[in-house]
Structure formats: C-alpha cells, structure tokens
Amino acid sequence: MYSNTWDEPEHLAAGVELLDRGRYEYDTEHPPLARVLLALGPYLAGAHSFGTPPPSGTPEGVDILYQDGHYWRYLTLARLGMLPFLVLLCLATWLWARRLLESERAALLAVLLLVSVPAVLGHAALASLDVAAAATCLFALYALELWLVSARLAEAARFGLAAGVAVGTKFSAVPFIGLALPALALTRAATAWRQTPGAGPRAWLVGLTLAGLAALLPLALAYGPRSANPAGVALRFNWAVSYLLQERGPDHLLGVLLSHLSLPREAKDLLNGIVAVKAHNDSGHLSYLLGRTGTTGWWYFYLVALAVKTPIPLLAAGPVGVAWLAREGWRDRNPWALAPAVLIVTLLAFASLFSHINVGIRHILVLYPFLAIGAAYVTVRAWRSLAALRPRRAATAGTAVVLTLVFWQLSTLGTAYPDYLPYFNEAVPHPERVLVDSDLDWGQDLRRLELRAAQLGIAKLSIAYRGTADLKREPLPAFVVLGSRRPVSGWVAISELARTRNPADYAWLDAYPPLERIGKSIDLYYIP
C-alpha cells in the first residue's frame, strides 16, 4: 500500500552495509542492532551494498531498493523484519499488565487496547526503528523495576542485558532508562520506608555495576564484528570529541576526558553515535505544529500529539486508570502500581522539555503500553462495580456505556485501516493544520498517486513531493517538479509535507479546490 517512507532507505542502507561490507558508516546517530534485523531479509534475497560514500545513507538505500527491479520485494522483506519487535512490545505490555492487573484476562485486554492504537500498528509495519525502540525500552524498564523491587543480583544482570539491547536499538533509550532508574529508585524508597530495611548502599552499588557490565555485552555484539576501517573510526570519534570540547560544563569535561583516553573501536563508534544524537538535538529539526514551523520544537508538541493521535476512549480512560493505579499504589506502598505514572511523567517531561526533534508521536510510543494498562484497569474496575450495582437498570446502562467505549476503541482497527500511520482521532477534522511530518505525511502515498494518475489518464503532472523515493524510477506520468511560488496550469499533485515546509511557497494553490485527496497526504488539482 505504501511507498517507502522517509527514513526507510537509510535504515536499510546501514544494515545492508554492515552485513555485506562489514562497515557501519551511514547515519551513525542510530545504533545497528535493529537495522541488521531489518536488512537481513533483503540481504538474503540478494540485496547488496553499492559503497556510496557516507555519511548519508539515503542515496545508497534508494539504490538498494530499486536494484534489479525488486523494489517491493526488498521493501516488504525489510518491513517484515520489524514485526518481531511488535511481538516483543505486546509481550512486555503483558508482563507489566500481569504485575498491575488482577487477572490474565485483564492483562489480555491491555494488550488488545495497545494494538488498537493506530500509531503503534502504523509504525510497526514500516522498516523503521520506532516500535523496536519502544519494545526494547519497555522490556528494559520492566527488568529495571524487577531489580529495584527484588534487589537480587540476577535481576540486576537481566536489567543490564535488556538495557544494552535497548541502547543498541535506539539511543533514545539512554535518557529514557537513565532518567527512569533514579525515578523508579526514589519511588521504591518512598514506598518502602515503613518496611524492614532491605539491601544497603553497597549492595545497590554492586548491582548497578553488574548491570553496567551486563549492558556492555549486547553493545559489544552490536558494534563488534566488522572489518577494520581505522581512518573512518578516527574521523568520526575525533569529530565527537571536538564537538564536546566546544561545549560548556559537563560536556566539555567529558570531551577533555575522552581526548586523553585510549578506547576500543566499539566504544568509539558507540560514543560517536550518542554525540551525533546530541548534536542533532542541539541544532534542532525543522518541525510543524498547529500551522507554524520551527527548528527548536515546542514544549507542548508531544501533549498535542498524544491528544490528536490517540483514540478518544484510550485518551479518556488511560490517564484516569494510571492515576487510579498510582493512588492505590501509594496507599498500599506498592511500587509496581506507582511505576506507570512515574514513568509517563518522567519520560513525557524529558521529551517535552529537552527534545528539539519534534517530528512525530513515534518518539514516545513507549508511553502507550502504560496508557493501555491504565485503560484496562479502569474498565475492569468499572465492570466489577457495575456488576454489584443496584438497581439493575442503572447497572445495565453503565455496562452498555463500558462496552460501547471498548468497542469504539477496538473498532479503530477497522475504521482506520489501512491508514494506521496517518490516523487522527475524531476530534481533528483537518489533521494537516495540526501535525504533518511522520504523523500525516511521511512520503507514503506516492504509489497511490501513481495508480490514480494511471486511472485518470494523466499525461503530464506537476508534482511537489517530499520523500526519499526516486521519482525518476517511479511509474509516474511525464512530470516536472513544481517550483516554489511558480503557478502552473494542468494537473498538480502536492503532498502535505511539501506544503507545510514553507506555506508561502504554494499559497497560490489555496485559490483552487483540490479534486481529491490521494490517500491521506497528497492533494490532486486540475488548474485551468
């Protein structure tokens, strides 16, 4: 249904390069673990690296996709490689739910509510890293809470392994897990102060050290096996050190320390990737919100994204259930019940206050399992209360309301299909006025445009498209790229992402009504 979205070629290029050439030099601000799984299917089917010079892997990924006329085979195999992470996300949600809810049926309801979130399914069906990051991070947070509650060294080691896998999947795990650790530790301390003292500071320090050492194992496996390229490693690492040295405070001190250390290649590549993410965040990213564009982001971006991209029943019940669980957890001194609220507040606060890369709900998908658990908790508690309610007429009416809300939530699987990626809830009649990049338009509707142009017999097309597909290798009619502020006549197709980068560029089109919308993101015009 979807042409390749913006990031898919670069992820594919990085994974294929590592499998085929033993190098990892494209877009190093993402780690290799999930990218290798993504590229494994296309690589086994015959895809190979072309050796395009780094650092951008998008041209290489585009060439890989189009090579030998196997575009759809390679793209489909790459997307299939990400589906195991959706399974892991469901499993991790189940594990959390079994700790928080009273039965396996309630835990199953939480999983069903999670997979009825279109944003989760939409990104799970792409060859990108966001669901993989959410799954591995959620599992690591579960392992972290197990260790904090039990204080056993075995659990510390398991947490370290899970954290290493999460960091090796996407570097957003570094701040997410790094902030969750003290937040959950303080929560445990606050709930255990009336109880018999448990492990002392020395035991916790030993456990934390063991977790750190265990985390190195999956990272060593992710960054380890590859052919030597000393010049490339030195170039990337020296850039990272230089970037830190030009900063102030702790970043500068870290740069000074790194400049005097002799590190193995794996550590240099890892540090380069983390610093690259920091540099990207420091410089910002062109973003769109509520009709405005900017590069430094907005503190309320993710609040708006959650409000418009979340199905309304989950949006209403999830926070209530999480707060209810937290209340019960504080009363019963249960750190497990407090954890969802603590994690949602911690991770959302970090994303809102420190992230300047505001390009979609996909960066906080890890919050949805906790909202699903909260909604399941509310549903089960309401169901039990209604069962005991008298008179029965009121109980019947209440039960009907609960069933209607659950059906409404689950029905999004059908009503949003197949456009889970650009889904917006019913409160948003004009999504393009709220969010665009990866939430509405990620370049996915090009194939639909091609099919529609063929149906209409369009001979020539002016097109404004923002994406990474190669228009020259696509089965489009004869086309010209629509220039900014240059009115034309005839058939015109424009994607929402192109329209919102600089709204003045194509403002002249506002005088004409579009004939139709192709998919959810491309407007088709005929200008007399």
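The values are calculated or read from the model by the stated rules, or taken from the named source; none is laboratory data. In this text, all values refer to a predicted model and were calculated from it rather than measured experimentally. In this analysis, Cβ positions are derived from the backbone assuming ideal geometry, glycine residues included, and neighbour counts consider all displayed protein chains.
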Is it true that some residue in the range 193-202 is touching a residue at least 40 places away in the same chain (Cβ under 8 Å) and assigned to a helix (DSSP H, G or I)? no
So is Ala469 closer than 26 Å to Pro313 by Cβ, in a loop (DSSP other than H, G, I, E, B) and among the aliphatic types (A, V, I, L, M) or not? no
Search the range 403-425 for residues that are at pLDDT 95 or above and pair each with any residue that is part of a helix (DSSP H, G or I) and polar (S, T, N, Q) when their beta-carbon atoms are under 8 Å apart and the residues are at least 6 apart or on different chains. Tyr423/Thr412
So if I check each of Ala211, Ala192, Ala220, which one is of a type in the set (A, V, I, L, M, F, W, C), at pLDDT below 85 and touching a helix residue (DSSP H, G or I) at 6+ places or on another chain (Cβ under 8 Å)? Ala192
For Gly178, work out the one condition from (1) buried (at least 24 other Cβ atoms within 10 Å of the Cβ); (2) without any contact (Cβ under 8 Å) to a residue 12 or more places away in the chain it doesn't fulfil. (1)
Of the residues in the range 477-506, how many are closer than 16 Å to Leu524 by Cβ and surrounded by 20 or more Cβ atoms within 10 Å (Cβ to Cβ)? 11
Checking Val233 against (1) touching a Ser or Thr at 6+ places or on another chain (Cβ under 6 Å); (2) surrounded by fewer than 22 Cβ atoms within 10 Å (Cβ to Cβ); (3) within 19 Å of Asp269 (Cα to Cα); (4) of a type in the set (A, V, I, L, M), only one condition comes out false. Which one? (1)
Screening Ala394, Ala382, Ala453, Ala400 for residues that are more than 23 Å from the chain's Cα centre (by Cα) and at pLDDT 95 or above leaves only Ala453
When you go through Trp72, Trp96 one by one, which is the residue that is part of a helix (DSSP H, G or I) and in the same structural domain as Ala220 (by TED's automatic domain parsing)? Trp96
Checked the range 8-29 for anything at pLDDT 95 or above and under 17 Å from the mean Cα position of the chain (by Cα); matches are Glu8, Pro9, Glu10, His11, Leu12
Being part of a helix (DSSP H, G or I), over 18 Å from Ser172 (Cα atoms) and aliphatic (A, V, I, L, M) is the filter here; which residues of the range 247-274 pass it? Leu253, Leu254, Val256, Leu257, Leu258
Filter the range 482-513 down to the residues that are closer than 17 Å to Lys460 by Cα and over 31 Å from the mean Cα position of the chain (by Cα) and list them by number. Leu482, Gly483, Arg486, Pro487, Val488, Ser489, Gly490, Trp491, Val492
Any residue in the range 343-356 that's without any contact (Cβ under 8 Å) to a residue 40 or more places away in the chain: show its pairings with residues that are aliphatic (A, V, I, L, M) at Cβ separation under 6 Å, as long as the two are six or more apart or on different chains. Ile344/Leu367
Kindly state which strands (runs of 3 or more DSSP E) lie completely within the range 481-528 and contain at least 1 residues that are free of Cβ contacts under 8 Å to residues at least 12 places away in the same chain and of a type outside the set (Ser, Thr, Tyr). 516-518
Within the range 403-419, of all residues that are of a type in the set (A, V, I, L, M) and more than 23 Å from Ser521 (Cα to Cα), the one farthest from the chain's Cα centre (by Cα) is Leu403
Being assigned to a helix (DSSP H, G or I), surrounded by fewer than 18 Cβ atoms within 10 Å (Cβ to Cβ) and among the hydroxyl-bearing types (Ser, Thr, Tyr), is that true of even one residue in the range 42-64? no
